[in-house]
Amino acid sequence: MLSAMTKRKLFAAVATAVVLQLLIYSPECVNCQVVGDEFAGQINDTAFLPFITQRVYNNLSSLTSTILNSDVGNRASFCVKNREDEWDRAFNFSSNLDFLTSCILKTNGDVTRRVCNSAELKFYFGGFFSGSNYIKPNRNCNISSSRVSGCEPGWACATSPDENIDMQDSKNIPARTEDCQPCCEGFFCPSGLTCMIPCPLGAYCPTATLDRASGMCKPYSYQLPPGMPNHTCGGANIWADIKTSGEMFCSSGSYCPTSIQQLNCSKGNYCQRGSTSEKSCFKLTSCERGSSTQNIHAYGAMLIAAIFTILLIIYNCSDQIITTRERRHAKSREAAARRAKEKVKAHERWKMARDAAKKHAAQISRTFSRKKAAPQTEELSILQSSEDVDFDGSVTSSSGENRLELRSQTFKNKDGDLYSYDQIVENKDTNSKKKIQKEKQIHTHSQIFSYAYGQIEKEKAMQENQNLTFSGVISMAVNTETRKRPKIEISFRDLTLTLKGKDKHLLRRVTGKIMPGRITAVMGPSGAGKTTFLSALAGKAHGCRITGSVLINGKPDSIHSYKKIIGFVPQDDIVHGNLTVEENLWFSAKCRLPASMLKQDRVLVVERVIESLGLQAVRSSLVGTVEKRGISGGQRKRVNVGLEMVMEPSLLILDEPTSGLDSSSSQLLLRALRRETLEGVNISMVVHQPSYSLFQTFDDLILLAKGGLTVYHGPVRKVEEYFSGLGINVPDRVNPPDYFIDVLEGMIKPNTSSGVTYEQLPVRWMLHKGYPVPPDMRRMYPEGQLSGNEVNDNEGAGEGATEEYSFAGEIWQDVRSNVEVRRDMIRHNFLRTKDLSNRTTPGILLQYRYFLGRIAKQRLRESRLQLVDYLILLLAGACLGAIIKSNEETFGAPGYTYSIIAVSLLCKISALRTFSLDKLQYWRERASGISSLANFLAKDTIDHFNTAIKPAVYLSMFYFFSYPRSSFAENYTVLVSLVYCVTGIAYMLAIYLDPGPSQLFAVLLPVVLTLVSTQTGDSEFLKNVSKLCYPKWALEAFVIANANRYSGAWLITRCGALLKFGYNVHDWGLCIFVLIMIGVASRISAFFGMLIVHKR
């Protein structure tokens, strides 16, 4: 095994060979032997000596131009970014040639006969690759002949004056055994060779002195050779990495303008190890005499103060702006409401006075009444004729055409009196141009709110005057300019849902229809398939095999074609708890109402919903979460319903909207829904145990038994009559819906002489409607009770039959079922159908803008949580910066490694909240047609704020405590790329995994990947795996940025460290690019996961 010193020499061999060959030899020196031959007798001439020194220096440095692009230079390209600059910073002695002048005088001008040629350098550095700590015997230093003094460390010899030396000869070592002397100051002479090599800038190479106590030649680490009493200490003996030859580096707190001069750093300056000059300390820093670093903690404190000041301003001012804006809107709403009420009251008084005056003109009044009565009577007859509907499967769209389409009235008059409706009717032609001109003037909040509240108060007054009769509502529909909601009528025949993989019926042979303008209640005991039935109608039944037919307005269209005008209210109250009631409703309205709708009309819709649901008192209150109390449970339930009402649906499906509500809240909710039916909305809902008064507000009832079988489907007012016909009478003082459900549960045995049991009720309904009875249900009746035409032997054969499976078979069926459910979810998410809703909602860019506003408000209200994240980063940076100082041997790699782990872990944990906390809200919004891409891009855009701030927060502590040589900007760039990368990975974890596993992976991934990426073994497999780990690229970028700041005497240390790590100084930009690409790829994967991952 090689020793540690041998390994370090091995790593540094290639780079050192390049440095020395490029900077020592020149073509002019090939035939130049000694200076004294040309300038004999002029060496000691002080006037002529500088010219000789410059001539020798030019001969030694001109070799760079010829060997710069040689193979040796190419081999060291991994550790040299710019060859000319690096060579200049290491061997440009032009500013001070005192060491060369001294050597010329000491050697009497034969300097060039004592420096190594290419063959000697190759032989010397070949010893590193051979794995030996010693140089092998060579022509000048061998065992067979007597060992000359020049073979000892710190000594060198000269070649024969008669020998013609080719300095670029890399094969033949010249004979160099004459005139052996100690190595000149400013040069080092390796042990085992008899030549000299100039020390680089940043090194201190004086002549050694003997320490008689230890026998060592100080400041170096070699001893005098035994058996040579006349031998003295020479010069420097080795230039390698800092661990091997640390004594050769200019010490900390001092600087070396030349390799033979070392000066203490003066006060107000600092000198790092290997410095060639002093560096001035920044202001507000303390630098005593002999300081190696400057204390820049004050700048870290200033940066922290600046960051937190900016954050406080953003959070406080933004929150204040939002609060002030909401307060001004509230005042504007209150003022508009007061004006609207006053004008409506004044208008009503004026109308009463006008009617009293008209009593004197009885004939005109009778004529006016005859003209108006006929249309209203006709319209009322139409409405009355449509109250009783047939719920058979044979549904045609013609029935819907004869019903009066009820719709909300949006008045367009914008003149001084917004409520002079009669004047508008009478002066319709003369005022049409004014309305068009005034339309453009509604642009301020006050005007918009006045218009909205005016319409609401107008409708209230008209409804109160007509006592909420149909004729009163019809009188609101005289305006021909009102918007129309498209009607949706759903009919279904033999609708059957079977769970894939298990062949279990969830619904069975359900036939009927749900009508526009009516409220249909779906009731039944637990396990009857109520929610499954509504999910099937809404196209949300996954993992099921659906048979039968479902028609939309009499056509076999997909329900997904009407997704934009269908509202689905889930059973759970899925709303954003960190938004106010009004903000939740407004966001749904802006994203789902037609893009062409005017702002005043959107205000009218939202205000109408808030008022109808009784949410005026809490409109500016946060909804609240589990941790933070908000509005009450009943109000939260109404907000849940309001999210679908504000998009003006044509079909509204609600899953248990009254569960958890008291009687008054339920009545308030049903009144709001009843108003929607007046506009032709088709409403269906699952209801549990409604009160009798609430039960009477429903128009139709679908009663299901266990197994998804229909027991009753028809008008609510006829349900008791139907069960009475079966001999099931509701006892006195018992709520009928509760009694029916208890009967279907089998908890109450019907007191009937007909012998009907609760199992036979679905068959009774089939017989009542004339539907065929499946064969497996015939056993419920004794033989002979079913006639032949009521039974279809072929139809339904095999239904209900269950196949027995073994234990392994049951497991396989469960796996199959889960796979089928997952496949159906993915297929549903990527389903593309023709849009038949005739509604154009805002595009991705506009929704992206809406999402930005919403998410920004949510982040501002989570400012305390963000502040905790920043404080933890500050603490981590301070601890790591104070404990792990910048290691110059590895260019700070250990400190950077721990920084990568800390920043990755903390940023991943915080980034998990972006998508893990509102998954349910996202799934609901995606199902309603809101853009997933806009949602993802807006969240990622808002998170860029943290991507920019968190690196600065961490570096404000870490950088100013450890103070690496790389610049703050370079470290900040790497950290920004790292945070961007890990944030994308956190998105993936949050979307694909549940909160618990995602947090565990967020903690483990940085540690495991960093351990893998920092392995320096020879395994090719680990090297290839590490290229897939983001810590490898972040650490390489950090180390390269820091290593580029080390030059001169550090060149070999840099090349050795980079060779050991496998890094390349040219790859800093590549590292940043790879980190960003990993972040982009992980975000693409996360977005794809948003589309395929669904609620379990």
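Here are a few things to note about the model shown:
- Highest-first arrangement of 659-669, 221-231, where packing means the average Cβ count within 10 Å: 659-669, 221-231
- Shape category assigned to the stretch 200-306 from the gyration tensor of Cα positions, a/c cut at 1.5: prolate
- Note on the stretch 266-311: Cα-Cα pairs beyond 15 Å make up 49% of the total pair count.
- Across the stretch 668-764, the volume of the C-alpha convex hull divided among the residues equals 104 Å³ per residue.
- Hydrodynamic radius of the stretch 563-687 by the Kirkwood approach over all distinct alpha-carbon pairs: 14.4 Å.
- Whether the stretch 142-235 is rounded, prolate or oblate, judged on the alpha carbon gyration tensor where a/c under 1.5 counts as rounded: oblate
- Descending by average beta-carbon neighbour count within 10 Å, the peptides 152-165, 173-186 line up as 173-186, 152-165, the highest first.
- Gain in span if fully extended, E721 to D994, counting 0.36 nm per residue against the direct Cα distance: 93.2 nm
- I883/K1023 FRET efficiency (R0 30 Å; Cβ-Cβ; nearest 0.05): 0.50
- The equivalent ellipsoid that matches the C-alpha gyration tensor of the stretch 925-1067 spans semi-axes of 34, 20, 13 angstrom, in descending order.
- Each Lys and Arg Cβ is given +1 and each Asp and Glu Cβ -1; about its Cα centre, the stretch 1028-1096 then shows a dipole of about 280 debye.
- For the stretch 168-229, the share of accessible area belonging to carbon and sulfur comes to 49 percent (1.4 Å probe, ligands and nucleic acids excluded).
- Heavy atoms of the protein chains alone define the surface here; on that basis the stretch 1018-1067 has 36 Å² accessible area per residue at 1.4 Å probe size.
- Listed cross-link partners K81/K106; K500/K564; K564/K950 are compared with a 32 Å cut-off, the Cα-Cα value being larger for K81/K106; K564/K950.
- Projecting the Cα positions of T276, N237, S332 onto the charge dipole of the stretch 225-337 (unit charges on Cβ atoms of Lys, Arg, Asp and Glu, taken about the Cα centre) puts S332 furthest along the positive direction.
- The stretch 896-1019 - charge dipole about Cα centre, Lys and Arg +1 at Cβ, Asp and Glu -1, debye rounded to 20: 200
- Applied to the stretch 756-766, the Karplus parametrisation 6.51 cos²θ - 1.76 cosθ + 1.60 on θ = phi - 60° returns per-residue 3J(HN,Hα) values of 7, 9, 5, 5, 8, 5, x, 5, 4, 5, 4 Hz, with x for Gly and Pro.
- Exceedance of the 25 Å cut-off in Cα-Cα distance is limited, within the set K283/K1032; K513/K834; K331/K351; K136/K1023; K513/K599; K637/K749, to K283/K1032; K331/K351; K136/K1023; K513/K599; K637/K749.
The values are calculated or read from the model by the stated rules, or taken from the named source; none is laboratory data. Since the model is a prediction, treat every value here as computed from it, not as a measurement. Neighbour counts run over all protein chains shown; Cβ positions are idealised from the backbone, glycine included. Just so you know, the surface numbers come from the protein's heavy atoms only, side chains and all, with ligands and any DNA or RNA stripped out. Shrake-Rupley method; radii C 1.70, N 1.55, O 1.52, S 1.80 Å.
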